[in-house]
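The values are calculated or read from the model by the stated rules, or taken from the named source; none is laboratory data. Predicted, not measured: the structure shown is a model, and the values here were computed from it. Cβ placement follows ideal geometry from the backbone for every residue including glycine, while neighbour counts extend to all protein chains displayed. All accessible areas refer to the heavy atoms of the entire protein, side chains included, with ligands and DNA or RNA removed. Shrake-Rupley method; radii C 1.70, N 1.55, O 1.52, S 1.80 Å.
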Amino acid sequence: MKIDVVTLFPGWFEWFTQQRHVQNAQVLGHELDFVDLRASTPLNAGQVDDTPYGGGAGMVMRVDVVEAALRERYGTAPPPHRTIALSPGGRRFDDALATELAAEPALTLLCGRYEGFDERVHEHLATDVVSIGPYVLSGGELAAMVVMDAVMRKLPGVLGHEDSALEESFSEALEGAPEYPHYTRPFDWRGHTVPDVLLSGDHARIREWRLERSRERGRS
Ligand code: 6GU
């Protein structure tokens, strides 16, 4: 998979791209790239935003500036593949969307700043508008990292252990519920012991117990 991130702050991603699972993904042939929105602006002095029509506080990122960046990158705008605008007003990101995006051959993530994008970016340059939760971040960069992390760990071979991404919180295998509790040694920690069923060696019972705990957590 190829992921391009269009951002005013490519430096924010330096730490992210150094992390182990991100490096694993790149070794496996997945590509991550960052496009500096300011580098291709057709406006003077690196201008990328403007005051809102109708008045009000803050600045709005211009649609023609986003278009220019995409044209420079892909020769065409909108891009020829799934393009996600990150915006607090978008569709809530969840595990199902992460799974869906992980199946795409290419993704472009557009990171908003200031008051966000001109609405025509959402309407005409993006295929999806996505939010990671009901709170406002100072820009889409952290949201893009959240989306990339959740998507990339679903790519085969990116996690060390192949099954880790299958039966985990919110997955289909767990009926969309959070994951069951995990325990490891010591068996007895200050009088708090591990549930006996997990030491029974009875895999059918263990599976049943885990699914039941997962369902319980899903109800609360
Ligand atoms: Cl995608 N962007 C910003 N700026 N804030 C957010 C968000 C995105 N998702 C939740 N809050």
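Observations, loosely collected:
- You will find that of A177, A144, the residue that is assigned to a helix (DSSP H, G or I) and open to solvent by less than 30 Å² (accessible area, probe 1.4 Å) is A144 and no other.
- Selection of segment 180-200 for residues being surrounded by fewer than 12 Cβ atoms within 10 Å (Cβ to Cβ) and either closer than 22 Å to L166 by Cβ or in contact (Cβ under 8 Å) with a residue 24 or more places away in the chain (or both) yields H182, T184.
- Scanning segment 35-48 for residues that are surrounded by 14 or more Cβ atoms within 10 Å (Cβ to Cβ) and of a type in the set (G, A, S) turns up just one, S40.
- Hits in segment 49-103 - residues which are part of a strand (DSSP E or B) and surrounded by fewer than 19 Cβ atoms within 10 Å (Cβ to Cβ): D50, R82, P88, G89, R91, R92
- Enumeration of residues in segment 25-48 that are more than 25 Å from G75 (Cβ to Cβ), more than 17 Å from the chain's Cα centre (by Cα) and in contact (Cβ under 8 Å) with a residue 24 or more places away in the chain: L28
- Inside segment 35-48, residues that are closer than 18 Å to E141 by Cβ, part of a helix (DSSP H, G or I) and hydrophobic (A, V, I, L, M, F, W, C) make up a count of 2.
Condition check ((1) within 13 Å of the ligand (Cβ to nearest atom); (2) within 15 Å of the chain's Cα centre (by Cα)) across all residues:
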residue: A96; (1), (2): no, yes
residue: A106; (1), (2): no, yes
residue: L109; (1), (2): yes, yes
residue: G116; (1), (2): yes, no
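- Top-ranked residue in segment 118-127 [being within 16 Å of the ligand (Cβ to nearest atom) and open to solvent by 70 Å² or more (accessible area, probe 1.4 Å); ranked as farthest from T51 (Cα to Cα)]: T127
- Qualifying residues in segment 104-115 (those that are modelled with pLDDT of 95 or more and out of contact with any helix residue (DSSP H, G or I) (no Cβ under 8 Å at 6 or more places or on another chain)) - the one surrounded by the fewest Cβ atoms within 10 Å (Cβ to Cβ): P105
- Going through (1) within 16 Å of the ligand (Cβ to nearest atom); (2) out of contact with any helix residue (DSSP H, G or I) (no Cβ under 6 Å at 6 or more places or on another chain) one by one, M145 falls short only on (2).
For every residue, the table says whether it meets (1) under 30 Å from L101 (Cα atoms); (2) at pLDDT below 85.
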residue	(1), (2)
P156	yes, no
S164	yes, yes
P178	yes, no
H182	yes, no
D188	no, no
